[in-house]
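Below is one structure, written out as C-alpha cells; comments come after it.
The values are calculated or read from the model by the stated rules, or taken from the named source; none is laboratory data. In this text, all values refer to a predicted model and were calculated from it rather than measured experimentally. Cβ: placed from backbone, ideal geometry, glycine included. Neighbour counts: every protein chain shown. When the accessible area is computed, the model is the full protein with side chains, heavy atoms only, and any ligands, DNA or RNA have been set aside. Shrake-Rupley method; radii C 1.70, N 1.55, O 1.52, S 1.80 Å.
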Amino acid sequence: MSDLISDLSARAKALPPEARARLAEELLASLDPHVSDVEAAWSTEIRRRIDEVERGAVDLVSGPDAFSQVRTALGR
C-alpha cells in the first residue's frame, strides 16, 4: 500500500462508525460514475432519516405496533 493510502486508511479507521459508513458510501459511489439519480436521492433520504432518529426528532414504533396500526387503519 502506498504511504498516502496507508495514511488515509488509518485516519478513516479513526473516525466514528457513522462517519466511516458515510465515507465508505461516498467512496463506493465514486467508483460507478453512472449512479442513478434515484439511488442518490435514496441515499440522501436514508441519511436524513438516520439523522432524525439520532437527534430524537422522531418517535420510533416497533414492528408489531406498526402492523397493529396498519391492521386497525384497514379495519381488520
Please name all residue pairs, on different chains or six or more residues apart, with Cβ atoms under 9 Å, provided the first residue is in region 38-59 and is closer than 20 Å to Arg20 by Cα and the second residue is open to solvent by less than 70 Å² (accessible area, probe 1.4 Å). Glu39/Ala29; Ala40/Ala29; Ser43/Ala29; Ser43/Val35; Arg49/Val58; Asp51/Ala57; Glu52/Val58
What do you reckon, is Ala24 free of Cβ contacts under 8 Å to residues at least 60 places away in the same chain and in contact with a Lys or Arg (Cβ under 8 Å, 6 or more places away or on another chain)? no
